[in-house]
Amino acid sequence: MSNDRLGAAVIFGMMFFAAMFAMAVTLGSYLMRVKGLDRTVTVKGLSEREVPADIAIWPVTFTTAGNDLSALYETMERNAREVLAFLQAAGFSPTEITPAAPVVTDKMARRYGGQQDVSLRYTAQQTMTVYTTKVDLVRAVQSRLGELGKKGIALGGEDPGSGVQFLFTKLNDLKPQMIEEATRNARAVAEKFAADSQSKLGKIKTAGQGLFTVEDRDPNTPHIKKVRVVSTVQYYLSD
């Protein structure tokens, strides 16, 4: 091999090894950056609110019994007028009150009870449902149901005043502020973790909004609701 060819081979070899070294350095630096990016912390942020219910659904059920079917219907009609007048006098408008048709049961016509000796053959039940935004009024009038009892109207159910449902329907108004608060609380937790691990908190890698839940604050105050959401956020960490 001539000196020129040997020199060219040496130069080529040196250039090749230099290129491989540069590639190795670059790849190593890239892998270190990727490894750094893989350092993350996942935290959860909570946001809670206590809000008043804005809708009340109140079924008022009354019953009667007797052996004369015609008289039974007359009594139910009279009782229905009394209940309707009571609710309207209390402050509910006719559009907020929905009467259902009475349900009459003939005990003698029951499949397995036809031969039984019953003192009152017919029983009737009817419900008037109040659907209203006047939540405080419903709570106040509930305690006055005894006025109907004094008029001879038997209210149905084990506890006629306990069947009311209180709803909160304005969740969409709260969502933006609560999501922001939950995310802010999550970041505070992540910053504390980063400080304790002698790291710096980076950008958000992933974020997920949890489900919103609306529950009674406690069994004794169903008209006050607790709204809750938990957000899960993953942050990058760096040295």
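The values are calculated or read from the model by the stated rules, or taken from the named source; none is laboratory data. Model, not experiment: these values are computed from the prediction. A quick note on method: Cβ atoms are made from the backbone with ideal geometry, for glycine too, and the neighbour counts reach across all protein chains shown.
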Query - Test set (1) modelled with pLDDT under 90; (2) of a type outside the set (Gly, Ala, Ser); (3) touching a helix residue (DSSP H, G or I) at 6+ places or on another chain (Cβ under 9 Å) - Glu158 fails condition number - result: (3)
Report task. For residues that are in a loop (DSSP other than H, G, I, E, B) and within 13 Å of Gln126 (Cα to Cα), tally how many sit in region 81-102. Result -> 3
Query raised in the report: Has region 196-208 got at least one residue that is within 21 Å of the chain's Cα centre (by Cα), surrounded by 14 or more Cβ atoms within 10 Å (Cβ to Cβ) and outside any loop (DSSP other than H, G, I, E, B)?
Result: yes
Requested in this report: Name every residue in region 224-235 that is over 13 Å from Ser197 (Cβ atoms) and crowded, with 19+ Cβ neighbours inside 10 Å, in order of residue number.
Outcome: Lys225, Val227, Val229, Ser231, Val233
Query raised in the report: Just a yes or no: is a residue in region 165-187 touching a residue at least 24 places away in the same chain (Cβ under 8 Å), part of a loop (DSSP other than H, G, I, E, B) and basic (Lys, Arg)?
Result: yes
Query raised in the report: How about region 209-223: which of its residues are part of a loop (DSSP other than H, G, I, E, B) and surrounded by 16 or more Cβ atoms within 10 Å (Cβ to Cβ)?
Result: Gly210, Phe212, Pro222, His223
